[in-house]
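Okay, so here's the structure we're looking at.
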Amino acid sequence: MATTEEYAAIEPVRAEIDLLDGPTVLEFGSARCGYCRAIQPMLASAFADHPRVRHIKIADASGRPLGRSFKIRLWPTLVFLSNGRETVRLVRPGDASAIRRALAQIDIAK
């Protein structure tokens, strides 16, 4: 799977996320966030080697239930899940290598 370009129009509920099968990355952020826009090339580069990892972009804001359930405080926050369970979390990653390492931890069947 390639990285997702657009933020989800409808936020999934936490119960759906908890039931996901396989490797998934939740990206919490905002289309207006400069940090969020800046990491997009890094994400695309890192995801190129992990095509089976699901990427879900969540438009986060104050009071949004999914972000609050993951205790999101800064954007972008990447939550790496394996079968619905959080394995790794990166907050405002500065380079693609950190994203690649986290992807390798959840994409063990690669």
Exercise. Provide a single number: the residues in the stretch 13-49 that are acidic (Asp, Glu) and under 12 Å from the mean Cα position of the chain (by Cα).
Key: 1
Practice problem: Just name the residue that is most open to solvent (accessible area, probe 1.4 Å) out of those in the stretch 72-109 that are of a type in the set (D, E, K, R) and touching a strand residue (DSSP E or B) at 6+ places or on another chain (Cβ under 9 Å). | Solution: Arg73
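The values are calculated or read from the model by the stated rules, or taken from the named source; none is laboratory data. Source: prediction; values computed, not measured. We place every Cβ from the backbone using ideal geometry, glycine too, and count neighbours over all the protein chains shown. When the accessible area is computed, the model is the full protein with side chains, heavy atoms only, and any ligands, DNA or RNA have been set aside. Shrake-Rupley method; radii C 1.70, N 1.55, O 1.52, S 1.80 Å.
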